[in-house]
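Here the structure is laid out as structure tokens; the discussion comes afterwards.
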Amino acid sequence: MVKLLIMGVGLFFLLGVGLADADVRGLEDALKHMNVALAEVEKAVKHARQGQAEEMTMYSHKAIQHAQQAIEVLPAGNPHGREAYSLLKEAIANLTDAVQLVDGGHTKKAADRVHTALDFADAAISHLRHSH
């Protein structure tokens with residue numbers, strides 16, 4: 001009986017360590033994608049300031065892709081990861097709106113959305129860095 005109990009505790013410990021390692025790997029992968037996404041949003045902002053709609057759209061699409069990849073690997077059990085998830089969703093929504101506004105010929109309004117997306121992306125990565 002004691003042997004089974006010790007084996008159970010050992011198994012629980014190993015599973016717990018495995019889950020913790022998975023969370024750390026998920027955070028590391030999410031941080032990698034978020035670093036790229038943030039860099040792409042910054043490029044989109046730069047081109048938005050210059051009124052370059054095509055480039056702003058291109059970098060917005062790249063940022064959306066990396067933000068979505070970050071969302072896919074965020075560990076659900078981490079409170080900072082959950083907050084980053086919400087912030088990333090907001091960043092993606094603003095970037096998507098920006099692209100649609102550019103398509104409609106509203107480059108100046110699109111630039112405002114890209115700036116807002118930068119704020120959300122920056123806040124998201126801050127949460128991820130805090131939990132790492």
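Observations on the model:
- Residue in region 94-104 that is more than 24 Å from LYS32 (Cα to Cα), out of contact with any Cys (no Cβ under 8 Å at 6 or more places or on another chain), free of Cβ contacts under 8 Å to residues at least 24 places away in the same chain and not in a helix (DSSP H, G or I) present: yes
- Breaking point among (1) surrounded by fewer than 22 Cβ atoms within 10 Å (Cβ to Cβ); (2) at pLDDT below 95; (3) assigned to a helix (DSSP H, G or I), for GLY77: (3)
- Region 103-127, subset among the hydrophobic types (A, V, I, L, M, F, W, C) and within 12 Å of ALA44 (Cα to Cα), residue surrounded by the fewest Cβ atoms within 10 Å (Cβ to Cβ): LEU118
- Checking each residue in region 47-74 for being more than 16 Å from ILE125 (Cβ to Cβ) and in a loop (DSSP other than H, G, I, E, B) picks out GLN50, GLY51, GLN52.
The values are calculated or read from the model by the stated rules, or taken from the named source; none is laboratory data. None of the values given here were measured: they were computed from a predicted structure. As a convention, Cβ positions derive from the backbone with ideal geometry for all residues, glycine included, and neighbour counts pool all protein chains shown.
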